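What follows is one structure encoded as C-alpha cells, with my remarks underneath.
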Amino acid sequence: MPRTMFDKLWEAHEVSGGLLYIDLHLVHEVTSPQAFDGLRLAGRGVRRPDKTIATADHNVPTDGTKATRLIADRLSRIQVETLERNCEEFGIPVYSLGSDRQGIVHVIGPELGVTQPGMTIVCGDSHTSTHGAFGALAFGIGTSEVEHVLATQCLVQKRPKTMRISYAGELGAGVTPKDLILATIGRLGTGGMVGHAVEYAGSAVESLSMPGRMTVCNMTIEAGGRAGMIAPDETTFEWVRGRAAAPADFDAAVERWRRLPTEPGAGFDTEVEVDAASLSPMVTWGTTPGMVVEVTDSVPDPAAIESPADRESAERALAYMALEPGTPIVDLTLDCVFIGSCANSRVEDLREAAAVLDGRRVAGSVRGMVVPGSQKVKATAEAEGLDEVFRAAGFEWREAGCSMCLGMNPDILAEGERCASTSNRNFEGRQGKGGRTHLVSPRMAAAAAIEGHFVDIRDWS
Amino acid sequence: MRPIDVIEGKVSVLDRADVDTDQIIPKQFLKRVERTGFGEFLFYDWIRSGEIELEPNPILVVGRNFGCGSSREHAPWALEDFGFEAIVAPSFADIFYVNCTKVGLLPVILDAEHCRAVAEAGEARIDIDDETVTCAAGVFEFEVEPGVKHRLLNGLDEIGITLESVAAIDAFEQSGGADRGPVTTAL
C-alpha cells in the first residue's frame with residue numbers, strides 16, 4: 001500500500017507500539033531545568049547526550065550582554081546558568097550566551113545541519129514544527145516529556161491523523177510564505193489542524209526556499225497541528241550540504257532521503273486544497289493567529305459572525321486591540337516594528353526587509369527593531385552590510401535571541417503600544433502586558449515601519 | 001504522581017474558547033527553575049484585572065481548544081497547584097492535553113452541550129475507570145487512552161515504564177536505524 005511521508009517517518013522510528021525513537025533533542029533554558037531535576041531525583045542519566053544539543057534563547061538580553069554572568073535580570077541569569085550547569089553535568093553540548101553558535105533553537109538546528117530529512121526531532125517548545133521543513137517528524141513537547149527523552153531517547157506517542165494541504169499555482173509578487181501560512185490558519189482556524197500531522201505540498205510549496213518552508217512549518221502549531229512537514233528535494237539537500245553536521249557520506253544520505261516523499265496514491269485522513277495564486281499579503285487583527293485578513297480588507301465586524309463563541313472571542317479581541325469594526329487595515333498606525341523570531345529571523349528574511357528599507361527612514365513615531373535569529377545569521381548579515389541598511393533606516397540592530405516574540409527578556413512593548421511583528425503569536429500580552437501585536441511578513445513589516453501604518457506591499461514603492 | 005480514580009466536587013467555569021497557555025501562565029513566571037508554586041500566578045492578568053473570577057474547585061469547565069499555543073508545562077502545573085484536579089472541555093490543544101496527563105491533571109473531552117450541562121449543574125463526579133462524568137443533568141461518557149488510564153489510576157512514572165523496555169531500545173539502536181543521525185558531541 002502506498003505510504004505517506006509521515007507513515008514512513010513514524011514506522012522507521014517505532015521501537016515498539018506507540019514508543020517512538022528520537023533522533024535529535026533540542027534543549028533550551030526555559031522548559032528544561034525541572035526535567036534535569038527530575039533525572040537527579042530519580043538517579044537517572046541522559047541516555048544519548050550525543051543526540052542532544054542546547055542553546056539559550058528565550059531569556060537572553062539582545063542588547064550586547066556578552067556573558068551569562070552579566071545578565072542583569074536575576075531570574076533570567078539563574079535560568080541560563082542552570083542550563084549551562086545541567087549540560088556540563090550530563091555531557092550535553094551547549095551554545096550559550098557568548099558562543100558564536102548561540103541563537104534561537106529553531107534557527108541553529110538547521111544552520112548547524114543537525115536538522116536533516118528522515119529524522120524525529122523534539123524540543124520543549126511548540127515551534128519545533130519548524131524542522132519539519134526538511135522532511136523530518138518534528139514536534140513540541142512539555143517538560144515531563146523532555147525528561148522522558150533525556151532518560152530514554154524515546155517518547156510514548158499516540159499516532160496522529162494525517163492531513164495534506166496542497167497549494168496549486170504560485171504565490172504572487174509581494175506575497176510570501178508568511179502570508180501563505182497566515183491565510184491557511186485563517187481558513188482552518190486555530191484548532192483546525194489539532195490531532196494531525198500536516199504535510200504541505202503542491203507547486204507553490206515546492207518553489208519555496210528552505211527559510212520559506214521553515215516559516216510555513218513553524219506556524220503549523222498556530223492551527224493546532226501536531227507536526228508540519230514538507231517533502232525533501234534538491235532545495236533541501238543543497239541546504240544541508242556542507243554544513244557542520246552534514247553526513248560524511250552525503251550521497252548515500254541523499255539516496256535515503258529521496259525515498260522519503262509521500263508515494264502517489266497514499267491516503268490522508270484530511271485533504272485541503274488552496275489556490276496559492278489567489279493569496280494576498282495578510283495582517284492579523286485579533287488575539288489569535290487565525291484572526292487574520294488581507295491587507296486590503298478592514299477590521300471585521302463581530303456582529304457578522306454566526307457562532308456565539310467566535311463572536312464573543314472577536315468582541316473581546318477587538319476590545320483588547322482597541323480596534324473599531326470597519327477600519328481599513330492600512331489605516332492602523334504603529335508604535336513599533338519587530339523583525340525577528342523563529343518564524344522570520346533568518347538571513348533571507350533580513351535581506352527581504354533590508355531591500356524594502358534600503359535608502360529610506362522609518363516614520364518618526366516608530367521604534368524599529370531587528371533581532372537576528374542566531375549569531376551566525378547576525379555575522380552573515382553584517383558581512384553583507386545589511387546591518388548598515390537597517391541602522392541607516394533608523395532600526396536598532398540587536399543580538400540573537402527570541403527577544404520581543406515573547407517578552408521574557410527586556411525587549412517588550414509598553415501597555416497600549418501597537419506593533420507590526422514578524423513573529424508567530426499575537427496572544428494577549430505576548431509581547432508585553434497590554435501590547436497589541438499584528439503578525440505580518442518581513443516585507444510588510446519593513447514597509448509599515450517607513451509609512452508608520454500598514455501598506456499593501458504589492459502597490460507600494 | 002499520586003494515583004487518581006474519582007474526582008468529585010464543585011465546578012468552576014471559564015466560558016472562553018481558544019484560551020492559550022500565555023493567558024494560563026504568563027511568560028514572566030516561566031523564569032523559575034522549580035516545578036511548584038505556580039498556582040498563585042494562574043490567569044495572572046485576567047484575575048488581577050478583575051476580568052474573571054475563579055474558585056479553586058476540583059473541576060474546571062472551559063471552552064474549545066483550551067491550552068493552545070506554547071508547550072509550557074507550567075500551564076498544567078499552575079492549574080493543578082491552584083487546586084483543579086480535572087479540566088472539562090469540548091476540545092484541547094494536543095501538547096497541553098498530553099502535558100496534563102503527565103502531571104495527573106485529568107483532561108476530559110465532552111461535547112459542548114454536555115460541557116454546558118456540567119457547568120450548569122455546578123457539581124460533578126468524574127470516574128476515570130468507568131470513563132464517566134455524572135452530574136444532575138445525567139451521566140456522560142468520555143474516553144481516555146488505556147495506557148494513560150493505567151498510569152493515572154496507579155500513579156505510575158512513565159519513564160519507569162519505558163525503562164522496562166530498555167532491551168527493545170537497545171535493540172533498536174543496534175539495528176543501525178539510530179546511527180544515521182548527526183552526532184552533536186562531535187561538532
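A few remarks follow.
- Estimated purely from DSSP H runs of n ≥ 4, each contributing -39500 (n - 2.57), the mean residue ellipticity at 222 nm for chain A is -9000 deg cm²/dmol once divided by its residues.
- Extreme residue, positive dipole direction of the protein assembly as shown, given options A:A448, A:P33, B:M1 (C-beta unit charges): A:P33
- Region A:154-268 - accessible surface per residue (Å², probe 1.4 Å): 34
- Region B:6-178, dipole about Cα centre (Lys/Arg Cβ +1, Asp/Glu Cβ -1), debye to the nearest 20: 520
- Prolate/oblate/rounded call for region B:6-178, Cα gyration tensor, a/c under 1.5 rounded: oblate
- Across the options A:A317, A:V216, A:Q102, the greatest Cα extent toward the positive end of the charge dipole of chain A (unit charges at beta carbon of Lys, Arg, Asp, Glu) belongs to A:Q102.
- The charge dipole of chain A, taken about the Cα centre with unit charges on the Cβ atoms of Lys, Arg (+1) and Asp, Glu (-1), comes to about 1080 debye, rounded to the nearest 20.
- Threshold 10 Å² - residues in region B:139-165 whose accessible area is reduced by that much or more when the chain is no longer isolated, probe 1.4 Å: B:E145, B:D157, B:E158, B:I159, B:T162, B:L163, B:S165
- Region B:15-56 - charge dipole about Cα centre, Lys and Arg +1 at Cβ, Asp and Glu -1, debye rounded to 20: 360
- Separation of the A:K161 and A:R360 label points, Cα + 7 Å toward Cβ, nm: 4.4
- When a 1.4 Å probe is rolled over the protein heavy atoms, the share of accessible surface on chain A that falls to carbon and sulfur comes to 48 percent.
- 222 nm mean residue ellipticity, helices alone, for chain B (DSSP H n ≥ 4; -39,500 (n - 2.57); rounded to 500): -9000 deg cm²/dmol
- Expressed to the nearest 5 percent, the antiparallel share of DSSP beta bridges inside chain A is 25 percent.
- Ordering of A:336-346, A:39-49, A:165-175 by burial proxy (mean other Cβ atoms within 10 Å per residue, highest first): A:336-346, A:165-175, A:39-49
- Buried area at the B:A interface is about 5300 square angstrom, summed over both chains, from accessible surfaces computed with a 1.4 angstrom probe.
- Positive-end residue, region A:327-457 charge dipole about Cα centroid, Cβ charges, pick of A:G434, A:C419, A:A379: A:G434
- Peptide packing for B:74-82, A:265-273 was compared via the average number of neighbouring C-beta atoms within 10 Å per residue; ordered from the highest value, the list is B:74-82, A:265-273.
- Mean partner shielding of peptide A:220-227, defined as the number of other chain Cβ atoms within 10 Å of each residue Cβ, is 3.
- Take region A:320-461 with all the other protein chains still there, run a 1.4 Å probe, and you get 31 Å² of accessible area per residue.
- With a cut-off of 15 Å on the backbone N, the residues of region B:86-120 near the modelled label site 7 Å out from B:E141 along Cα-Cβ are B:109-111.
- Pairwise Lys count, the protein assembly as shown - Cα closer than 14 Å, eight or more residues apart or different chains: 5
- Within the shell defined by Cβ-Cβ distances under 12 Å, the residues around B:G9 carry a net charge of -2, with Lys and Arg each +1 and Asp and Glu each -1.
- Contact residues in region B:85-125 (at least 40 Å² less accessible area with all protein chains than alone, 1.4 Å probe): B:D94, B:I95, B:K102.
- For the segment B:174-182, counting C-beta atoms of other chains within 10 Å of every residue's C-beta and taking the mean gives 6.
- Surrounding net charge for A:D73, when Lys and Arg each add one and Asp and Glu each subtract one, Cβ distance under 14 Å: +2
- Share of carbon and sulfur in the accessible heavy-atom surface of chain B [1.4 Å probe, %]: 46
- Partner shielding of A:303-314 amounts to 2, given as the average count of beta-carbon atoms from other chains within 10 Å of each residue beta-carbon.
- Burial of 50 Å² or greater, region A:425-454 residues [accessible area, probe 1.4 Å, versus chain by itself]: A:F427, A:E428
The values are calculated or read from the model by the stated rules, or taken from the named source; none is laboratory data. For clarity, every value in this text was computed on a predicted model and none was experimentally measured. Quick reminder, even Gly has a Cβ in these numbers, built from the backbone with ideal geometry, and neighbours come from all protein chains shown. Remember, those area values only see protein heavy atoms, side chains included, never the ligands or the DNA or RNA. Shrake-Rupley method; radii C 1.70, N 1.55, O 1.52, S 1.80 Å.
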